[in-house]
Amino acid sequence: MTEVIVAGAGPTGLTMACELALAGVDVLVVERLPYRIEQTKGGTIQPRTQELLELRGLLEPMQARALSREPMGGHFAMLPVPLDCTAWDTAHPYPLAIPQWEIEEVLEERATALGVKVLRETAVTAVEQSDDGVIVTAGDRRIEARYLVACDGAHSTVRKLLNVPFPGRPGTFTAVLADVRLSSVSDLVPKAPGHISTLTREADDRWVMLVPLGGGRYRFTGEAAGEEEPAKDRPVTFEEISELLRIVYGEQTVLAAVDNASRFGDATRQIDSYRVGNVFFAGDAAHIHPPFGGQGLNLGVQDAFNLGWKMAAVLRGRASTDLMDTYHAERHPAGAWVLHITRAQRVFANLRPSADVMELRKVFTDLMSLPEANRHLAGLMSGLSHSYDLPGDHPLVGHRVAGLDPSLFLAGRPVLLDLAGILPHDLGATRAQPVDGLPHAILVRPDGYVAWAADTDPDLDALLGNPCRPLMA
């Protein structure tokens, strides 16, 4: 018996486990794979996700493992204008490049230090629900729990076992993602990491993106056109990658080894409800989309930061179960919006565009050079502009808050700050120096979004009735 089972030991599942265990919840993670795949995929941590990780002391160990490169803005549809997040008042305006397996390693180290058990080579094969909880069959075990959180990826077994529909549109192409080593390179091969618009080449109806990782290693992404059916399940071969490299980069570019490889597509799907009884869905188990702009990993980790503290509060008796219903209400629109902007990028990022799309790309590239347009797109792609529709009259309610000491949130609890001495002492507020741009008093959720705020004459009834208020005790 455990309190929560998390299916999947990827970034979403491990973040979820960390958030729950931080509150003392008994968590078991089950993972079908026998070991972590050391592949570079999903290796971008966006600015907003960096802010969230910093609130739990997880950003610094990831920064220590990040790939060395000059700071550079992100991109929209691979267009050649870097996105500028410096206008968004953040300490982390640039995406952080780090292999996904290293992200997972940092998260698992924290999770196990908090008492989480991770069972590998333990595939979920059955899920039974009752009013009181779930029984999960995984490997040779039948495990009872209050809740199951499905973070088991785009081909979620849990989703299939519960017959949860996954509506959307199928993919239009399949591409190869691989970590490779080259024994020799032509002058066309990029020498150092740069903006994504400089790393992609097309030749003879093929395209390849090479990202230098150092020491003759590269992250390879490529596609050959002309296949009648996308072949997602077909094994990637050495010869396939070698041929694409030769065609796109010339005979001098010679493949030495393929460390690992997989295929991915551009299907767009989202489940209708992120909660099915006592089962919750997060990350790719809940939504998939084209891989433009490095959104997928970040969207899943942010799902976990939203659900984790809510589930922990319910399990610890500090909130009613209604609080967990706000997970779907808040995160389903967030996922839908990412699907929206990745679908839009699909048009621009097509490496075989029509003449009309070429003209549209030129117009949009000019628009991206305008500061306000660039700021808007940078906020969308980084997550810095995302907000929640929360009850409250103050304009800051529902928005992320910048400028606060992240160490205030290490315990994963809401924080009530009195920045101007306007709250009664018995409310348990932390008194601190005023911060430019912030109201006099502010209640901040564990995920860094404002739940209540006041400039003068605070509405104490609204504060005391806020769902986050009891969680501070």
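Brief remarks follow.
- When you work out D = kT/(6 pi eta Rh) for the chain at 25 °C and 0.890 mPa s, using the Kirkwood radius from C-alpha pairs as Rh and the Stokes-Einstein form, the result is 104 µm²/s.
- Angle in degrees between helix 100-113 and the longest Cα principal axis of the chain, rounded to the nearest 10: 30
- Gap separating the Cα centres of the stretch 250-313 and the stretch 395-418, nearest whole Å: 27
- For the stretch 327-473, the equivalent ellipsoid derived from the alpha-carbon gyration tensor has semi-axes of 40, 16, 12 Å in decreasing order.
- Computed from the C-beta positions of Ala373 and Ser68, the FRET efficiency with R₀ = 35 Å rounds to 0.70.
- With kT/(6 pi eta Rh) evaluated at 37 °C and eta = 0.692 mPa s, and Rh the Kirkwood radius from Cα pairs, the stretch 105-176 diffuses with a coefficient of 223 µm²/s according to Stokes-Einstein.
- Highest-first arrangement of 71-79, 195-203, where packing means the average Cβ count within 10 Å: 71-79, 195-203
- Normalised Debye scattering of the stretch 271-342 at q = 0.16 Å⁻¹ gives log10 I(q)/I(0) of -0.54, counting only Cα atoms as equal scatterers and leaving out solvent.
- Counting all C-alpha pairs of the stretch 406-472, share separated by more than 17 Å (%): 33
- Principal axis extents of the C-alpha atoms in the stretch 174-265 (largest first, rounded to whole Å): 34, 25, 24.
- Rough spin-label spacing in nm, given labels placed 7 Å along Cα→Cβ, for Asp89 and Arg169: 3.7
- The stretch 332-473: relative contact order in percent, alpha carbon pairs under 8 Å with at least 6 residues between: 18
- For the chain, share of DSSP beta bridges that run antiparallel, in % to the nearest 5: 80
- Packing-based order for 95-105, 7-17, using average beta carbon neighbours within 10 Å, highest first: 7-17, 95-105
- Amide H contacts under 5 Å for Ala441: Leu419, Ala454, restricted to partners 5 or more places along the chain or on a different chain, H placed in the peptide plane at 1.01 Å from N.
- Extension gain for Ala123-Lys160 works out to 12.0 nm (0.36 nm per residue, less the C-alpha to C-alpha distance).
- Space enclosed by the convex hull of the alpha-carbon atoms of the stretch 353-433, per residue, Å³: 173
- Point-to-point label distance, Tyr35-Thr456, nm (Cα→Cβ direction, 7 Å offset): 6.6
- Summary value for the stretch 174-265: 46 percent relative contact order, contacts being C-alpha pairs under 8 angstrom separated by 6+ residues.
- Centre-to-centre separation between the Cα atoms of the stretch 90-144 and those of the stretch 1-75: 10 Å.
- Length-normalised contact order of the chain in % [C-alpha pairs under 8 Å, at least 6 apart]: 19
Since every read-out is calculated from the coordinates, none of them should be taken as a lab result. For clarity, every value in this text was computed on a predicted model and none was experimentally measured. So basically every Cβ, Gly included, is an ideal-geometry build from the backbone, and we count neighbours across all protein chains shown.
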